[in-house]
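In what follows, a structure is listed as structure tokens, so that the remarks can point back to it.
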Amino acid sequence: MRITQDCSSGADQPLAASAVSERHRQPALLSAEQACATYTQRGELSVSRAGVFWLQTDPSLGANTLWRLTERGPERFGPERLSVRSRVNGYGGGALAASDTGVFLVSEQQQVHFLELATGVCHQLTDEPCAAFGGLVADPRRHRVLAVREASGRQQLVAVSLEHGIQVLHAGQDFYGAPALSADGRHIAWVSWQLPDMPWLRTTLWTAMVTETGWLRGSETWPTVSEASVQQPVFVGTILWVLSDHGGWWQPWRLEPDGLKGDWVTGDGPSLDHASAPWQLGESHHVPLAGHGWARVHYRNGTGELWLYRSGTHEGQPESQRVASEFSDFRCLGVTGRQLYCIARSSARLDAVLRVDPGTGQVRVMAGGESALHGQKPVMPLTFEVPAVGDSKPGLHGFFYEPTPSSATTAPPLILVAHGGPTSAAYPVFNPQVQYWCQRGFAVAEVNYRGSSGFGRPFRLALAGQWGEADVEDMERAADYLSSSGLVDGRRIFIQGRSSGGYTALMALVRSRRFAAGASMFGVTDPLRLREATHRFESGYLDWLIGAPQQHPERWRTRTPLYLADRIRAPVIFFQGGRDQVVVPQQTRAMIAAMQAVGLSPELHWFEEEGHGFRHQTSQVSMLVWLFSFYRRQSVKINEQGGNLR
């Protein structure tokens, strides 16, 4: 076994030396340090009469800093050491809510604060060390914020204010989604769900009146015509709109006295999702515009599109316009005045804050959107589709990145990426790691296997009971398709994944000889142990993915990489954080021991100070360089001339 300890502390001197020498040898290449240092991400945009606010990562600190839009441009806002992040459900979301005179936020310590716009004074509104808050929604009329509170293994819908502290508005459900409040503050809606469900499987829609004193009256639930995941309630006056997938896709529906009714506004028909899986609280993929119009996101074959729907109609259909087509994913839609704002992601640039004029469709980048490649042209994704096989194996979509410069005579090695989740998705958005590998002679492909979101409810639910089989089979199908198409060297296909994607990669190495090597970044190795130790949000998820252990013990035995280490023949590299509370460190330790016991020599890189997903820049640099070194060594072994690797 090859192992490095305390990679995040910089103790691995050979790594630093190799990175420096690489920079001198190939000054034109994007270095690992450059790739990680410039990867600024933006999200959780929130707007109000007070302005436009958002969160921005600081790659050097691993912190989420607060920014606002001013007449001078984007500016950082708030105390110097302020880091904003919610940890509700483990994945957070809704850590920021703009109000009329400032912003409500959740600090890194999980407490709610109010930051005054005029004075910059930050008031702490809660003091509950064992609680976490998220899904913030401002209630300007009552000078408070609505939130989901998580404490002592339960959740509640609460209101928080400086004057009244915490008021519990609703309790008794296992989980709560971010609430929606009408403009006049008199109507509220939210969703909830119960164990063992996840919010993309089955949720319940609630509505209530809000009294003058801020309490709820007349809470009631609304059934759909069939089992559904309902998300993102939005009020237009007193009319409530939601995104529901009871018709097979997350589509807009309006609530009427006798239930949800179809949407006449969208002319696209029931063939596109208008949202992604709600892993985080407070997502916004649709928002009403002035004059009875809408802004909505469509996901088409994995790519996000931003559409405007105006009130004028032609032959019974609304006027519609796609805008910002150079971007490929959109989040956090919000309207202030007559302007639409959102976070947009692109294949060629960093995350951007966009302003869109709904009347003209004119788009302006207000912050971000910068190039991260120091003047170099990024490798752009090519969409590929693996054909369906009968009724049991649906078609698959993915994104392929060619190496640069490509060789006309030698097919390149391939890094095949299984996204995490697994109920998530791969999007064609800028990823410096992909650019780093492509510049060094590797092709990269990201696959939306069965279970991915953005392809309709049946495709998303096709992973039920099939995790470790259907996803692995789809990764193999993608590898075979790209190889048979002549795009990559079939002898040099490597597979990797993070978290659940690491599990898919390991199971692929167990099941197949198709892959020359693999990488697991804080990946699952023992689903049963994970089931016993995971957080409450996902405590029923594994039973859905594999089946109840008592009813399907054979499934669990044959889908546990830890028990199948003797079937792995390819080299494997592991990365693990010592403070990971999602996939605990013992998962990787046990897998390393099992592989050693059967004579294998896995490579392990340990980051003692990291959790689930590496936040510190030094850790990200180390992982990227070690991954490239590992893949290059394996590729050279297979092809002594090294192909076009540099």
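Derivation of every value follows stated rules applied to the coordinates shown; laboratory data play no part. Predicted model only: the values in this text are computed from it and were never measured. Because the Cβ atoms are built from the backbone with ideal geometry, glycine has one as well, and the counts that use them run over all protein chains shown.
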- Note on the structure: Debye calc, one equal point scatterer per Cα of the stretch 284-370, no solvent, log10 I(q)/I(0) at q = 0.24 1/Å comes to -1.20
- Note on the structure: So, over other residues within a Cβ distance under 12 Å of GLN280, counting Lys, Arg +1 and Asp, Glu -1, the net charge is +1
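What Kirkwood hydrodynamic radius, in Å, does the stretch 477-553 give when the mean of 1/r is taken over all pairs of distinct Cα atoms and then inverted?
Kirkwood radius, the stretch 477-553: 14.0 Å.
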- In a Debye calculation with equal point scatterers on the alpha-carbon sites of the stretch 320-442 and no solvent, what is log10 I(q)/I(0) at q = 0.18, 0.22, 0.23 Å⁻¹? -1.06, -1.26, -1.32
- Let me know the volume per residue of the alpha-carbon convex hull for the stretch 388-459, in Å³. 99 Å³
- Amide H contacts under 5 Å for MET366, placed H, 5+ residues apart: VAL353, LEU354, ARG355
- Task: Can you tell me the equivalent ellipsoid semi-axes for the chain? Use √(5λ) from the Cα gyration tensor, largest first, whole Å.
- Result: 40, 27, 26
- If you plug each phi of the stretch 40-56 into the Karplus form 6.51 cos²θ - 1.76 cosθ + 1.60 with θ = phi - 60°, what whole-Hz ³J(HN,Hα) values come out, in order, with x for Gly and Pro? 7, 10, 10, x, 6, 5, 9, 10, 6, 5, 6, x, 10, 10, 7, 9, 9
- For the chain, with only Lys/Arg (+1) and Asp/Glu (-1) charged at the beta-carbon, what is the dipole magnitude about the Cα centre, in debye rounded to 20? 1060 debye
- Message: Modelling each spin label as a point 7 Å along the Cα-to-Cβ direction, I'd like the GLU326/ARG513 distance in nm, to one decimal.
- Response: 5.0 nm
- Query: At what distance in nm do the modelled label points of ALA548 and ASN639 sit from each other, each positioned 7 Å from its Cα along Cα→Cβ?
  - Reply: 5.1 nm
- Note on the structure: The extension gain from ILE239 to SER60, computed as 0.36 nm times the residue separation minus the Cα-Cα distance, is 59.9 nm
- Task: Name the residues whose placed amide hydrogens come within less than 5 Å of the amide hydrogen of ALA348, ignoring near sequence neighbours (fewer than 5 apart) on the same chain.
- Result: PHE430
- Scaled by the rule-of-thumb 2.2 N^0.38 Å, the alpha carbon Rg for the stretch 374-638 gives a ratio of 0.96
- Report, by chain and number, residues whose modeled amide H sits under 5 Å from the one on ASP329, excluding near sequence neighbours (fewer than 5 apart, same chain). GLY304, ARG345
- Query: Given the C-alpha centroids of the stretch 577-646 and the stretch 464-533, what is the distance between them in whole angstrom?
  - Reply: 15 Å
- Task: Calculate the all-directions average of the projected area of the stretch 404-446's alpha-carbon convex hull, and give it in nm².
- Result: 3.3 nm²
- Message: I need to check one value: relative contact order of the chain, counting alpha carbon pairs closer than 8 Å and at least 6 residues apart, in percent.
- Response: 11 percent
